[in-house]
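Notes follow the structure.
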Amino acid sequence: MNGRLEYWVKVPIGPIHPALEEPEKFIITLDGERIIHVDVKLGYNLRGLEWIAMRRNYIQILYLAERICGICSFSHNHTYSRAVEEMAGIQVPERAEYIRVIVGELERIHSHLLNLGVVGHTIGYDTVLHLSWLARERVMDILEAIGGNRVNYSVNMIGGVRRNIEEKHKRAILDMVKYYRNEVMPKIEEIFLYDPTVEARLRDAGVIPKRIAIEYSAQGPTARGSGVKKDVRYNEKLSVYPDLGVKPVTPKEFTGVVKGDVFDRMVVRVGELWQSMDTIERAIDQMPEGKIKAVPKDNALLFQLKKADGEGIGRYEAPRGELIHYVKGQKGKDVPAKWKMREPTFPNLFAIARALVGEQVADVPVAIASIDPCLSCTDRVAVIDANTGRKKILTEKDLLKLSIEKTRELNPEVKAKPEVIGVGCPRGGAL
Amino acid sequence: MNILYATLGFIGIYTYVSFASLLWEGIDRKLVARMQRRVGPPLLQPFYDFLKLVSKESIIPRDANRFFELAPVLALATSIALLAYTPLGFEPLFGTKGDVILFVYLLTLIGFLRVIGAVSSGSPYAQIGAQREMIILVSREGPMMLALFTILWRLNGLGVTKPFSMGTFYEHNVWELGTPMSVIGTVILLFVFLAWLASEIEVGYFDIPEAETELAEGTMAEYSGRHLALFDLASAIKAFVSASLVVAVFFPWGISGYLDLIGLPAMVVDLLFHTLKVFTVLFVSMTIFRTVTGRLRITQATNLFWTRLLPASMVGALLLVIDALGVIA
Amino acid sequence: MNVDEFVKAFGERFPEAEIRVSENKMPHPKRRVWVEIHREKFHDAMGFIKELDPRAQFSIIIGMDAGDKLLAKYHMELFWEEGESISLIIGTSVPKDDPKLPTVTDVFPSALPYERENQEFLGFVFEGIPDPRRLFLPDDFPEGIYPLRLDETGIKPEMVKNAGHPYKIGGAKK
């Protein structure tokens, strides 16, 4: 064994690598093209959200939570508000629950389309990337129409939602569903269920057997692709989802076999696109009239939360899997004692690292992409800027200064002075 | 033709092919972009890329050895030498008997020099890319050479001045045989050649050694600046030359005869017409192929060569041979 | 097994554990089980849960600094195959001067990354952890500083270099 060790090659994939959208590091030990060992190193995208949150009140954290990740921005503040609602015992109006369902499913559609494109790109099939991202524009437009923003739509508020879904939105959403049903989905199915190139590359690549998926607590499409019938919307009896008939989607219903490979994970995503569209239609149909916020005024809400003292867990099936937020309140303060979250990518990453052993190096990017990693979700824990004397770490301020100097050097004529935009963080100065 | 004119002509051809091959790269990128419903880069983008790369600093890794700098120069030199034996609508300038073998050898040498350069860079990505390039190199030449030499052997039967030379194709072409069996055989071999062409320029299924998302450009991972520019130019010329071979074998017809031209004007017209045919072949084998497919795994690609293309090539060759023997008997 | 059966079974096996069932009034009521247990019994409790449901899904370790104690709460999902699952939060606490907890990686292998995370951020010591390396923090981060602690071993003000707006903090202390 030791004699062979010399022939093994250690290949770092990351922190910067074209196959990865976000910085993470996989140290892969190779014997030829075969993988022997995978080690994961995280923390390249550490922003210290939990630490920042110690200095924010409940409503400010809502917007911080949204910025954990750009893709699942709705999921994060939805789950956070659910945790706070459970902690403070706030009851959400039913119409708000329906609006949350609709926006959540719209987000799932855009996230899954994004991931289908990314997987196409990692196997060198760029046409899939460009066309599926083109199709994704439609749902982004709808989200913009509802929330006012393509990415951080800020629909949620603790105890309800901030934006109503009116008649014109309903019409636009139904039009969009029709467009996806008739024009996009047949093509997506043709590519991901029947295309020989895709099948050749995705079948039997990055296999996560059911046993490993359970042992490593894989989540979301990664787990369901391995035949684990688990979906928080269904298991948790979340919100109004039971009325809408949401069930875990497994590849068995589409292809009849469950292998737990990348292909199956993609099949699950395609299935969930269909499911999301059905859910949206049903939700629009069943949505009752009524108010959309439990507490209309934010300061009244904060006052109510100040009195709350307890702990709450929010769980939600984000597009990538189970998302958990935990909030513990403290009496007399509008700041939670603890806010902690766990993203589906975190367990999935370790499950896939385990599953990659014995595979070919060509499967690494596609296997990593198949869990739809969201590293900015995973690396969120604490803020660090340590000067150990050995390394000089440039802060944002230094970089800005350097950038301004460079601009001056290139063009001394620049008259404009950099202006402070916005008020910044009001508590930042007091640190 | 005396040696001075030949040399001047050669320099002219080299300049022309460099431009044409870079232009094709631009056309290809634009076409792919349009098929993917993107706008795409401007037509002259490869020229801008090339000029920019030439002017940029070339970073040489600490662990690299001398071949790292030598390989791109040798690759470009090889591709220039290759032009002397490339059929470009007329018989190659330095064509002689048996020059097909030299042509195949030089074409393979470019790939081999890329491997040398990659191995010398000391980067693990480049090492894996080099391994893959080597495996593909070994697999892809078999079917192509079998097909090429069968056709040449068959054409020799019709009586040529220089056996096993590129000039053969301009005296007789393979469609002239005309018998049904030979036509079927030729169509099969055409298919083999198109697949070989795709793997030679590493697109679609065969974008394996440079797999951007897997190996971060693989063999080219450590190259930058002018060294990369030289490799880029060599690859572009190689694509043009490989397609020229396919054109010469299967579509050698010129148009100068119809226009009653002789001498230099005839060569120019034939060259332009040849370029058009090369672009058409590349459109099928490169642009469309890379739009509608993704990359295979290295094992699947070698499998494809040994279990699909080699038998296809054998069947095509056998059909041609049986046809020939049948004529004799 | 539903919530009541689970509470009964668990209560019989660990009579000293504090068990609380919370219910929230969503459109569909959902109950959660909160368990507090002493750290001596903690590993046994986790083993017992694994016995009850061999396919229990491990979700998260929530580590907290609560004055002179460190709290750890483990969330798990049980019996997810039977439709509505049990959401269980099992908590324990350790004193700060002796922050030792038994590792549960032998029962739930997926707990490893969470234990590594809590080890570096809150200064827990998980006894018998198979891979004690750092996960998120850079390797040159100073020893003995646990970023999420609220006392003097947390992040010191002089370590914070980049908070707030880049222009706003220009005059502020660095």
Residue count, segment A:110-131 (criterion: over 18 Å from the mean Cα position of the chain (by Cα) and in a helix (DSSP H, G or I)): 9
Restricting attention to segment A:308-317, which residues are modelled with pLDDT under 85 and not acidic (Asp, Glu)? A:ALA308, A:GLY310
Consider segment B:236-265. How many of its residues are part of a helix (DSSP H, G or I) and either touching a Gly at 6+ places or on another chain (Cβ under 6 Å) or of a type outside the set (Phe, Trp, Tyr) (or both)? 19
crowded, with 22+ Cβ neighbours inside 10 Å, out of contact with any Cys (no Cβ under 7 Å at 6 or more places or on another chain), farther than 16 Å from B:PHE231 by Cβ and within 14 Å of chain A (Cβ to nearest Cβ), is that true of B:ILE135? no
Right, A:VAL161: more than 14 Å from every other protein chain (Cβ to nearest Cβ), at pLDDT 85 or above and crowded, with 21+ Cβ neighbours inside 10 Å or not? yes
Restricting to segment C:105-143, count the residues that are within 11 Å of another protein chain (Cβ to nearest Cβ) and either in contact with a His (Cβ under 6 Å, 6 or more places away or on another chain) or assigned to a helix (DSSP H, G or I) (or both). 12
Selected residue (criterion: farthest from the other protein chains (Cβ to nearest Cβ)) from residues of segment B:289-306 that are of a type in the set (A, V, I, L, M, F, W, C) and surrounded by fewer than 18 Cβ atoms within 10 Å (Cβ to Cβ): B:TRP306
Among helices (runs of 4 or more DSSP H) completely within segment A:27-109, the ones holding 1 or more residues that are within 11 Å of chain C (Cβ to nearest Cβ) and touching a helix residue (DSSP H, G or I) at 6+ places or on another chain (Cβ under 9 Å) are A:49-53, A:73-88
Taking the stated definitions as given, is B:GLU210 buried (at least 21 other Cβ atoms within 10 Å of the Cβ), part of a loop (DSSP other than H, G, I, E, B), touching a helix residue (DSSP H, G or I) at 6+ places or on another chain (Cβ under 6 Å) and away from chain A (no Cβ under 12 Å)? no
Could you look through segment C:13-34, keep only residues that are in contact (Cβ under 8 Å) with a residue 24 or more places away in the chain, under 29 Å from C:LYS100 (Cβ atoms) and within 13 Å of another protein chain (Cβ to nearest Cβ), and pick out the one that is surrounded by the fewest Cβ atoms within 10 Å (Cβ to Cβ)? C:TRP34
Of the residues that sit in segment C:152-174 and are part of a loop (DSSP other than H, G, I, E, B), loosely packed, with under 15 Cβ neighbours inside 10 Å and more than 7 Å from chain A (Cβ to nearest Cβ), which one is modelled with the highest pLDDT? C:GLU152
Test result for B:ALA243, in contact (Cβ under 8 Å) with a residue 60 or more places away in the chain and either out of contact with any Cys (no Cβ under 9 Å at 6 or more places or on another chain) or over 24 Å from B:THR78 (Cα atoms) (or both): no
Against the condition surrounded by 24 or more Cβ atoms within 10 Å (Cβ to Cβ) and either more than 10 Å from chain C (Cβ to nearest Cβ) or among the aromatic types (Phe, Trp, Tyr) (or both), how does A:ARG224 come out, does it pass? yes
A:VAL184 is checked against (1) closer than 30 Å to B:ILE298 by Cβ; (2) within 14 Å of chain B (Cβ to nearest Cβ) and fails just one. What number does that condition carry? (1)
Determine if segment A:231-253 includes at least one residue that is farther than 21 Å from A:TYR98 by Cβ, among the hydroxyl-bearing types (Ser, Thr, Tyr) and modelled with pLDDT under 85. yes
Filtering segment B:209-265 for residues that are of a type in the set (D, E, K, R), within 19 Å of the chain's Cα centre (by Cα) and more than 21 Å from B:VAL281 (Cα to Cα) leaves a count of 1
Exclusive hit being surrounded by fewer than 18 Cβ atoms within 10 Å (Cβ to Cβ) and away from every other protein chain (no Cβ under 14 Å), set B:LEU233, B:LEU309, B:LEU259: B:LEU259
Output the residue which, of all residues in segment A:239-271 that are in a loop (DSSP other than H, G, I, E, B) and charged (D, E, K, R), is surrounded by the most Cβ atoms within 10 Å (Cβ to Cβ). A:ASP261
Is it the case that segment A:159-166 has a residue that's among the acidic types (Asp, Glu), assigned by TED's automatic domain parsing to the domain that holds A:ALA283 and part of a helix (DSSP H, G or I)? no
Could you give every pair whose Cβ atoms fall below 7 Å, whose first residue belongs to segment A:113-128 and is more than 8 Å from every other protein chain (Cβ to nearest Cβ), and whose second residue is of a type in the set (A, V, I, L, M, F, W, C) and not in a helix (DSSP H, G or I), counting only separations of at least 6 or pairs across chains? A:LEU114/A:ILE71
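Being among the small types (Gly, Ala, Ser) and surrounded by fewer than 23 Cβ atoms within 10 Å (Cβ to Cβ) is the filter; apply it to segment C:46-84 and report the residue that is modelled with the highest pLDDT.
Residues of segment C:46-84 among the small types (Gly, Ala, Ser): C:47, C:56, C:59, C:63, C:66-67, C:72, C:83.
Add one more test, that the residue is surrounded by fewer than 23 Cβ atoms within 10 Å (Cβ to Cβ), and what stays is C:47, C:66-67, C:83.
Values: C:GLY47: 86, C:ALA66: 81, C:GLY67: 80, C:GLY83: 75.
Selected residue: C:GLY47.
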Extreme residue, farthest from the chain's Cα centre (by Cα), among residues of segment C:119-151 that are of a type in the set (D, E, K, R) and modelled with pLDDT under 75: C:ASP140
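The values are calculated or read from the model by the stated rules, or taken from the named source; none is laboratory data. Given the structure is predicted, the values throughout are model-derived calculations rather than measurements. Positions of Cβ are backbone-derived with ideal geometry, glycine not excepted, and every protein chain shown enters the neighbour counts.
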